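For reference, the structure is listed below as structure tokens.
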Amino acid sequence: MSTAWTILACGDASRGDDGAAIAALERLPRDVAAMAVVHRVGMLEPGDLVAATRGGSCVVLDAVRGIEPGSVVALPVTGLAALDAPAPASSHALPLEVVIGLAEALGADLDSATFIGIGGADFGLGHGLSEAVRAALDRYASRIAWSILEEDAPRCA
Amino acid sequence: MHAGDGVAAGGGADERVYHVEELTRVEGEGRLHLRVRDREVVEARLNIFEAPRYFERLVVGRTPDEVIDIVARICGICPIAYQLTAVHAFESAFGVTVDPPVRALRRLLYCGEWIESHALHVYLLHAPDFLGLPSAVELAKLDRGVVEQGLRLKRIGNDILAVVGGRPIHPVSLRVGGLYRAPRREELAKLRADLDEAVELAQATVRLVAGFEAPEFEARRLLVSLRHPDEYPMNEGRIVSSDGLDLAPQDWPLAFREEQVEGTSALHARTHAGEAYLLGPSARLELAGAALHPLAARALDDTGQAGELATNVFRSVLARAVELVQATAEARDLLDAYERPRVPSVPWRPAPGIAAWATEAPRGLLFHRYEVDEAGIVRRATIVPPTSQNQAAIEADLARFAPSVLDLPHAEATRRLEWLIRCYDPCISCAAHFLDLSLDRDGGPA
């Protein structure tokens, strides 16, 4: 293993599909999970990104609104500030572009941060995961694993 | 960021229209309109065009515990205020008395909310104004340590909500009669060291903001807050004012009323005599400062600026910082004294009648009133948030302050007007952030 990995799992397991990222962690292969330090952060804060990208790479996980429930999307974290980007379900209080801007200003290396989201259908309190998300959890976990393994694989010069 | 900043010709040669497309760093959607004639502000309106959210209708037909979950959704920054006001209203109406450890936990929750809300406002929303910066991002580039300090405080406040409330946003632990679950001592112990740090950070915040230069401005407003004989007001106390009002928290309607104002989707509140009044940290310190935690009282005294709080709203940032010391120090004391409740909640039976209460949200007095039937079902609801109560004072202060900026370059004038608005920490909603400001000037200097 060459890269220090941090997984920032956003969301709330008691709020329907908002718990998708947390549920996906349980589906990660053990060897992949062992490659990363996992933080369940609830909502993403600038300090989380600063700490997670200090000397390593980071994957931010969250359920998102605005895409097909169960579909998986991956993009650079910096891309989340774009107007047409999928909207993470867990961001409150500080707008996401401010979280990202603050994190960058505070020294986060966001070039090494990837966002992997899954479309949610229902964020109701106590509802559990929707069928669409439940059915896509393996696909979501495999995308997370792939991102870590692919990035971590030795490459020819 | 002010897209569209600039001066445009209005209806005639002597009329100027100042237009600002976006004001960030307030919660919600609103528009400010100022009309100036011969250097006199003849109209100052903060129009809230945030879509009506119908919460008062949504809770009709619901049980008290359902109401508590629903009203939490009114605000992502101060959900505890809405929940606790409703809880106290129902408990007052149903004759429910909770055990002291439950009361202490609820107060700890409120401390957590004050910490995260005040830290957000002081550091990320308001401090850039005093430093002449457009945003907290620019502040972070200029002084990373200051923003890290604010974010750390905010995190500690959120952590309290997560441990006691079950999660940091829209917590789920509160119910009529107590809590669904009381944390074990070991769970709270994790917060103890953080609160030592938080107290120090809050004290540093007071020193920081005491050094901020504020515009000269004096407006003596009627101040209103809760006051409690034994503690700084949060969830209990009597409604008092700077002109001698003294009411039970249920009796807000005896002194105040809401009215519909054209062009805004929020109701305005005034006294029955039609007077605007000011709520929030400055009012609380002025009316209930005698109950401050000793550390908070000392922090305020050391600034030598206590005398300005009641008259210069630009000093509200200091009041908010002092309340950060209050909330962090009290949270630490509550943790040290914590005894897990024997049972987290007591049984209760509904009773028909009026359930009403007021608590102190971070932004000021929040009043709820519910009409409840024999089965405990809500039949009618009224929720009066602090921002709608402050709105008339904001407009009055804008009218008073505006003449002092008319000779400034347009961009600086509008920046100062927005700065004034942010002094009240308006929480128009926890939705989009958008305030559109226009200033019509006719008959005055170009």
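Every read-out reported here was derived from the displayed coordinates using simple, explicitly stated rules and does not represent laboratory data. Computed from a predicted model, the values in this text were never measured in an experiment. As a convention, Cβ positions derive from the backbone with ideal geometry for all residues, glycine included, and neighbour counts pool all protein chains shown.
Annotation: the antiparallel percentage among DSSP beta bridges lying fully within the protein assembly as shown is about 65.
A simple spin-label model places pseudo-atoms 7 Å from Cα toward Cβ; at residue B:243 and residue B:63 they are separated by 4.5 nm.
A simple charge model with +1 on the Cβ of Lys and Arg, -1 on the Cβ of Asp and Glu and nothing else charged puts the dipole of region A:5-152 at about 300 debye relative to its Cα centre. Taking a ≥ b ≥ c as the square roots of the Cα gyration tensor eigenvalues, region A:5-152 comes out oblate, since a/c reaches at least 1.5 and a/b does not exceed b/c.
Derived scalar couplings between HN and Hα for region B:236-252 equal 9, x, 9, 7, 10, 9, 6, 10, x, 4, 8, 10, 5, x, 6, 9, 3 Hz in order, rounded to whole Hz, by the Karplus curve 6.51 cos²θ - 1.76 cosθ + 1.60 (θ = phi - 60°), x for Gly and Pro. In summary, no helical segment of chain A meets the span-like criteria, namely a full DSSP H run, a Cα extent along the axis of 20 angstrom or more and a mean Kyte-Doolittle hydropathy of at least 0.5. Toward the positive end of the charge dipole of region A:5-152, with +1 on the Cβ of Lys and Arg and -1 on the Cβ of Asp and Glu, the farthest Cα among A:103, A:47, A:126 is that of A:126. From its DSSP helices (H runs of at least four residues, each -39,500 (n - 2.57)), chain B gives a residue-normalised ellipticity at 222 nm of -12500 deg cm²/dmol.
Averaging the Cα positions of each part gives two centres, and for region A:7-43 and region B:210-241 these lie 43 Å apart. For residue B:62, the residues whose amide H sits under 5 Å from its own are B:378, ignoring neighbours fewer than 5 places away on the same chain, with H placed 1.01 Å from N.
Per-residue shielding of B:140-149, expressed as the average number of other chain Cβ atoms within 10 Å of the residue Cβ, stands at 3.
Just need the relative contact order of region B:202-288 here, percent rounded to a whole number, with Cα pairs under 8 Å and 6+ apart.
On the way: 109 pairs, mean separation 26.4, N = 87.
Result for region B:202-288 is 30 percent.
Could you tell me the calculated FRET efficiency between residue B:255 and residue B:400, based on Cβ-Cβ distance and R0 = 25 angstrom, to the nearest 0.05? It would help to have the intermediate numbers written out before the result.
Numbers: r = 24 Å, r/R0 = 0.94.
Efficiency computed from Cβ-Cβ geometry: 0.60.
Note on region B:330-430: with charges restricted to the Cβ of Lys and Arg (+1) and Asp and Glu (-1), its dipole about the Cα centre is near 280 debye.
Please say if region B:232-389 is rounded, prolate or oblate, where rounded means a/c under 1.5 for a ≥ b ≥ c the square roots of the C-alpha gyration tensor eigenvalues, and otherwise the choice is prolate for a/b larger than b/c and oblate otherwise? Oblate shape, in that a/c is at least 1.5 and b/c is the bigger or equal ratio. Distance from the alpha carbon centroid of region B:67-112 to that of region A:50-75 works out to 34 angstrom. The length gained on full extension between residue B:42 and residue B:55, counted as 0.36 nm times the residue separation minus their Cα-Cα distance, comes to 1.3 nm. Counts of other chain beta carbons within 10 angstrom of each beta carbon in peptide A:98-104 average 5.
Highest mean first, the peptides A:142-150, B:316-324, A:13-21, B:285-293 sorted by other C-beta atoms within 10 Å per residue fall in the order B:316-324, A:13-21, B:285-293, A:142-150. Each residue of region B:358-364 was assigned a 3J(HN,Hα) from its phi angle through the Karplus expression (A = 6.51, B = -1.76, C = 1.60, θ = phi - 60°), giving 9, 10, 9, 5, x, 8, x Hz with x at Gly and Pro.
Each Lys and Arg adds +1 at its Cβ and each Asp and Glu adds -1 at its Cβ; summed about the Cα centre, chain B shows a dipole of about 1140 debye. When you restrict to C-alpha pairs under 8 Å that are six or more residues apart and normalise by the size of region A:5-152, the relative contact order lands at 36 percent.
Compute the relative contact order of chain B as a whole-number percentage, counting only Cα pairs closer than 8 Å that sit 6 or more residues apart in sequence. Mind dumping the intermediate values first?
On the way: 965 pairs, mean separation 138.3, N = 446.
Relative CO of chain B lands at 31 percent.
If you sort the three axes of the alpha carbon gyration tensor as a ≥ b ≥ c, you get a/c of 1.5 or more for the protein assembly as shown and a/b no higher than b/c, which makes it oblate.
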